[in-house]
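The values are calculated or read from the model by the stated rules, or taken from the named source; none is laboratory data. Computed from a predicted structure; not experimentally measured. Every residue, glycine among them, receives a Cβ derived from its backbone with ideal geometry; neighbour counts consider all protein chains shown.
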Amino acid sequence: MRQTNWAENQIFEVERISYPKTLLEIKTLIQAAVKNKRIIRPVGKLHSWTPLCNDASILLNLSNMPDELCMLSSRHLKCSAGVEISKMADFLYQHDCSLPIMGDCSAQTIGGAVSTGTHGPSIYHQIVANNVTAIKFIDGKGETHSIDDKNPMFNAVRVSLGLMGVVTEIELSLVPAKHLQIEIQVQEDDEWIPFIEEDLQRHEFYFSYWYSHVNLALVHKGHTLETAVGSSISNTEPQDEYLTEVISSLCPAVYKSGVGAKEFNELLFKLFFRNQTIQGPLHKALVADWQGRPILNAEYFVPKEKARLIFEGAKAIDYPEPVFVAIRGGIKADDNWMSPAYKRDSVAIGCVVFCSPFGSEMPRSLRLFNDFMHQCDARPQWAKWCDHEHMDLSKHFPKLDDFLKLREHYDPHNVFLTSALRKILKVN
Ligand SMILES: Cc1cc2nc3c(=O)[nH]c(=O)nc-3n(C[C@H](O)[C@H](O)[C@H](O)COP(=O)(O)OP(=O)(O)OC[C@H]3O[C@@H](n4cnc5c(N)ncnc54)[C@H](O)[C@@H]3O)c2cc1C
């Protein structure tokens, strides 16, 4: 059967999708796959742009497993890996706590977000996986492992791309519920680019979206409020619907003809983008509404001190299509072997194309962006469309060989290793 990811840039065939309801079913499925020489990929909501789940015989989806959400203490959660982040965040909010940081989408599963190193826009916070204090998974032999921060392999199994096994349960450390205020400003290049380094450091949350052809950016600066406030965030404003309509009706023609890139981005600023201040709980304030607005996204982690220089290079590309180049915030260094922020304070720089039906062919603008980033000291984000296959990943992930050895240990029959992942990781 035909399967696609969320953005529909990965299109592949699978024999079937299994929806196990119990841990025993997961074990049995894995052991049967080993016996029948089938490849399994655990999947969440398929929100990654990369071929992480392509070329598998069986997709293993945990959405029929019971959604366990259990407070172990006032600042410690145990949850099943297949729980959607929005559900988890609402639950935490009801218990007056929160993750310290999130990405800008909450439709993914927590298992998927942890496994790919999902991050938010703050140099004061690490990737989401860094809040994991214990993880339970079923390996490629059908054996269960519970690994916590006392285990030397802990930093290898949090960001693991579904290669060590099927993660079934995750424990997370939390902070008291956070309320944010974010100022959004439309700015010209000279109003914000000279201050990138300073602003990344000065604001707890900082991200900016620079639109090609018009040289205007939406600059976001945010901080945690001391007292809780009501939410001023709504995804149901008429202008949001119109934005979706404009994007979906104009994009296909603009991208196909290569004409009107400037006019398209100009229109977005004329009709929709304006200075504004939003306030609300972290899981609302940092999250955007992507429903009906598919995008294609490549993104790299660059060293914090080179961020402005690399951004300027990415901005100077002659993009044939209307794009925005995003500084998706800083990310504090961590110790996760496969994290792009491994032992390095980083800044995420991405290129975003509003998606018309591109299928699996990479738009020219993303190709140019990727080609440029491949020449920089830039580590690819696992979930973003970075053309990993054509990169020397061992240069960017110093612990890659150790990770691959551990992978072999947990998955000696290669039941989770697809041909697409073999190409990316250069495994024979
Ligand atoms: C609109 C949009 C906005 C986004 N914003 C951000 C952002 O702000 N920051 C950011 O860093 N990323 C962002 N992402 C990327 C997203 O966070 C990742 O792609 C994330 O992995 C998606 O989770 P998922 O549940 O869809 O996982 P999938 O895409 O289904 O799977 C991702 C990987 O995780 C593995 N996996 C999934 N579940 C399990 C499990 N239970 N056990 C073992 N392995 C598992 C899969 O095998 C696969 O390798 C965004 C994506 C979209 C579409």
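Specify which of the listed residues (Phe369, Phe301) is modelled with pLDDT of 95 or more, under 30 Å from Asp149 (Cβ atoms) and not small (Gly, Ala, Ser). Full working, then the answer.
On the way: Phe369 fails: under 30 Å from Asp149 (Cβ atoms).
Just a single option satisfies the conditions, and that option is Phe301.
Just need a number here: residues in segment 30-60 that are β-branched (Val, Ile, Thr) and either farther than 15 Å from His413 by Cβ or in a loop (DSSP other than H, G, I, E, B) (or both).
Selection size over segment 30-60: 3.
Tell me, please, whether a residue that is assigned to a helix (DSSP H, G or I), touching a His at 6+ places or on another chain (Cβ under 8 Å) and over 23 Å from His220 (Cβ atoms) can be found in segment 397-414.
yes
So, of the residues in segment 154-193 that are among the small types (Gly, Ala, Ser) and either within 19 Å of the chain's Cα centre (by Cα) or not in a strand (DSSP E or B) (or both), which turns out to be nearest to the ligand (Cβ to nearest atom)?
Gly162
If I ask for residues that are in contact with a helix residue (DSSP H, G or I) (Cβ under 6 Å, 6 or more places away or on another chain) and over 19 Å from His374 (Cβ atoms), which ones from segment 297-319 would you list?
The one that is in contact with a helix residue (DSSP H, G or I) (Cβ under 6 Å, 6 or more places away or on another chain) and over 19 Å from His374 (Cβ atoms): Arg308.
Does segment 256-279 hold any residues that are within 20 Å of Ser356 (Cβ to Cβ) and not in a helix (DSSP H, G or I), and which are they?
Gly258, Val259, Gly260, Phe272, listed by residue number.
Among the residues of segment 66-88 satisfying the criterion of being within 17 Å of the chain's Cα centre (by Cα) and surrounded by fewer than 21 Cβ atoms within 10 Å (Cβ to Cβ), which is farthest from the ligand (Cβ to nearest atom)?
Ser86
Collect the residues in segment 301-316 that are closer than 27 Å to Leu243 by Cα and either touching a residue at least 60 places away in the same chain (Cβ under 8 Å) or in contact with a His (Cβ under 8 Å, 6 or more places away or on another chain) (or both), keeping them in residue-number order.
Phe311, Lys315
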